[in-house]
Every structure is written in C-alpha cells, then in structure tokens.
Amino acid sequence: MTKQEKILWVLLPVVLVILFLLSSTDLIIKEKKTEIYPISVIISDTSDDYFGNFRKGVDKAAEEYNVDVSFLTLYEKGDQDQQLELVKREINDGASAVVLVPVKPEECARKMDDMVLNCPAVIVGNLIPNERVKSGIAPDFEEQGRLLGQAIARENSPGKPVWIFMDGIDYGYNREIYSGAESELKNAGFTVKIYKKTMGETFQKAIEGLVYPGGEKVIIAAIDAKSLDETAEIIAGSPVYGSYVDGLYGVGSTTRLLTDLDNGVIKGLVVSDQFDAGYRSIEKAVESVHRGFEKEQIILDSYYIRREDLRESKFEKILYPID
C-alpha cells in the first residue's frame, strides 16, 4: 500500500463514526427541543354546549403555540367557589397558565384579589386586580346591551312592554348587558320588566300567561345564551306563543341560536367573535409564560345581526369559523 492509501483507510472509519454520530445522536449537534405549555381553561358552565366557537379558537391556538390544553367544566352550575378551587388544583398540578371564564365576575374578582397565584392567568371577561392576572379578553358588555336596546327601539313601536329574560343578574356579565339595554329602552319610551330564572319553568310560565284573556303582546330580550336558547325552544314549540311575542331578541352566537335566527324564531342577535376570544386567550397565556407582558384589557367588537346578515362574508367568518 502507498502512504496515501494507508491514510485513507485510517480516515474512512473515523468519517463513518462521525456520520453515524451526526445522524443518530445529539452528541455533536443537539436537536432543539419544542417547549410544551400545559394550560388549563376553566369555563363557567357544567358543559361546553355554549362554548363551541370559543373552544375552536382555543384548539387552533393550542396547535400553533404547542399548548397542551386541559378544558374543564364545573361539577355544579353557578358555583364560583368550586371554580376557584379548580384554579388552585390546576396550578398545583403544574399548569403553566390558567384561562378563566368567571361564573360571577364580581365575586370572582373579590376572592381572587386575596389569592396567591403561582402562574399567570387570563380572564375571558374584564380584568381583575390580582397582579398575576395579565390579560382580560371580552366585548364591551354594556355596549352589547346598548346595541340590543337600540335595535329593539328601532324595529318596534315605543310603549310596548319589553321582558328581559336572564339566568341571573350576577351570572356572567348580565348586569352590564342589562344596564346598557335598560337605559336605551327606557330612553326610547319602552317599559322594561325583568324575569330571572329561579326555577325550571320560569320562562315557560311567563310566556304561557300571555295567552290568557286580556294578555298583551310583548317583546322578549334574553341577555345570555342559555336563557335565549330556552326561550327560543319554548316559542318554536307552539305556534300560539309566537302570535303573542312581537319579537325575540338576545345575545349569543351558538349554532342553535344562529339556526333559530335563520328560521325566524329569533328576530335579532348581538354577537361577538368567540373564536377570536378563545384563540387570543391561549395566545396571551403563552406570552405571559414565555416572556411576560403588561396588564391589558382586549376589547372585542360586537355586532347586531338579523337573518339577512348571516350570508355576509364578514359575519360568516365570525359565526362559522373553520376548524
């Protein structure tokens, strides 16, 4: 063998070993590990029936930001204490951040103000004082009420009674929505009466009372999605009821509510982009974990829509987001 051939035979195994190490181990070139963020989303209900578009937004952001999402519902309706216990449990179990849709915002704000959170939190609603709550994401709820009241006043003769149906004044942001709607309606000359759901047949009995002799026609505005869904089902279930209700209005954008709008059961809806709310809640949660950010209230746009608006491209993207 020549000297060059001997050198080649010595170098060849060395090169093969180096190539093997490069291709099958990280001893020389270390592979960059993808960081996974465990984030818990705790909603305000016992099921996610009214959070369809919101959850689509959460799932889309989770895919893009490498998030392992735990999507949690309550065991018992309306239990704010239980919701905050879930927050503590998820943090203790290793959540990097928590996204919270508060059951009763005012009560939640008071109790969270005294809590020590070991991770950042995002509120799907209005910001609260706790320093670890970095972002609030929500429409302007009082503005939603004003849009609702303005639409009713614009589309109906003044003087007609307007019944406001709700799950309860302290649930969600019903108080703010009611305040905006009541102000607009009273300024326009309408009388307003509240019906809070205290038992299973509250709305049913109120509507049944319209058909008694001497009953007058009314306008109904249901200011939360659950109350509106129930009311639409009652009216759609009887042609008699519909003849005594001059118009059913409300706030919400679930698939069932949009179908009722399309079928003429509901006359008008105030909606916001719930897909965007879900997406941005996860986005902000990841930002807070990764590099932190200043406290911020993100205001989502709200819109009043009627049946004919459902086919507009602008509203199709908001109301029927692609998975």
Quiz item: Taking the range 163-191 on its own, how many of its residues are hydroxyl-bearing (S, T, Y) and more than 21 Å from V245 (Cβ to Cβ)?
Solution: 4
Quiz item: Across the range 106-128, what is the total count of residues that are touching a Lys or Arg at 6+ places or on another chain (Cβ under 9 Å) and open to solvent by 20 Å² or more (accessible area, probe 1.4 Å)?
Solution: 5
Practice problem: Would you please name the residue that is least open to solvent (accessible area, probe 1.4 Å), looking only at residues in the range 283-323 that are in contact (Cβ under 8 Å) with a residue 24 or more places away in the chain and of a type in the set (K, R)? | Solution: K284
Quiz prompt | Selection status of F315, part of a helix (DSSP H, G or I), in contact with a Pro (Cβ under 9 Å, 6 or more places away or on another chain) and modelled with pLDDT of 95 or more | solution = no
Practice problem: Determine whether Y212 is farther than 29 Å from Q83 by Cα and open to solvent by 30 Å² or more (accessible area, probe 1.4 Å). | Solution: yes
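Specify which of the listed residues (V211, V218) is β-branched (V, I, T), at pLDDT 95 or above and at negative phi.
Of the residues listed, the single one that is β-branched (V, I, T), at pLDDT 95 or above and at negative phi is V218.
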Quiz item: If you take the residues of the range 124-158 that are closer than 15 Å to E294 by Cβ and among the β-branched types (V, I, T), which of them is modelled with the lowest pLDDT?
Solution: V133
Exercise. Mind counting the residues in the range 258-282 that are within 28 Å of K134 (Cβ to Cβ) and open to solvent by 30 Å² or more (accessible area, probe 1.4 Å)?
Key: 6
Quiz item: Which of the residues spanning the range 30-68 are among the hydrophobic types (A, V, I, L, M, F, W, C), open to solvent by 40 Å² or more (accessible area, probe 1.4 Å) and at pLDDT 95 or above?
Solution: none
Self-check item: Failed condition for E76, given (1) within 20 Å of D170 (Cβ to Cβ); (2) modelled with pLDDT of 95 or more; (3) exposed (fewer than 12 other Cβ atoms within 10 Å of the Cβ)
Solution: (2)
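Looking at the range 128-152, which of its residues are of a type in the set (D, E) and either within 16 Å of the chain's Cα centre (by Cα) or over 27 Å from R306 (Cβ atoms) (or both)?
E131, D140, listed by residue number.
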Quiz item: Pairs, please: C-beta under 7 Å, at least 6 apart or cross-chain, first residue touching a residue at least 40 places away in the same chain (Cβ under 8 Å) and assigned by the TED database to the domain that holds G94 and in the range 117-129, second in a loop (DSSP other than H, G, I, E, B) and open to solvent by less than 20 Å² (accessible area, probe 1.4 Å)?
Solution: C119/A95; V124/V101; G125/V101; G125/P102
Quiz item: Pairs under 7 Å by beta carbon, first residue part of a helix (DSSP H, G or I) in the range 62-84, partner surrounded by fewer than 19 Cβ atoms within 10 Å (Cβ to Cβ) and of a type in the set (D, E), six or more apart or different chains?
Solution: Q80/E107; Q82/E76
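Any residue in the range 164-178 that is open to solvent by less than 40 Å² (accessible area, probe 1.4 Å) and under 13 Å from S302 (Cβ atoms)?
If we filter the range 164-178 for residues that are open to solvent by less than 40 Å² (accessible area, probe 1.4 Å), which is where we start, we get 164-169, 172-174, 177-178.
Add one more test, that the residue is under 13 Å from S302 (Cβ atoms), and what stays is 173, 177.
Within the range 164-178 (the criterion being open to solvent by less than 40 Å² (accessible area, probe 1.4 Å) and under 13 Å from S302 (Cβ atoms)), the answer is yes, since at least one residue qualifies.
The values are calculated or read from the model by the stated rules, or taken from the named source; none is laboratory data. The structure presented is a predicted model; accordingly, all values stated were derived computationally and were not measured. Every residue, glycine as well, gets a Cβ built from its backbone with ideal geometry; the counts of neighbours run over all protein chains shown. Calculation scope for accessible area: heavy atoms of the full protein, side chains included, ligands and nucleic acids excluded. Shrake-Rupley method; radii C 1.70, N 1.55, O 1.52, S 1.80 Å.
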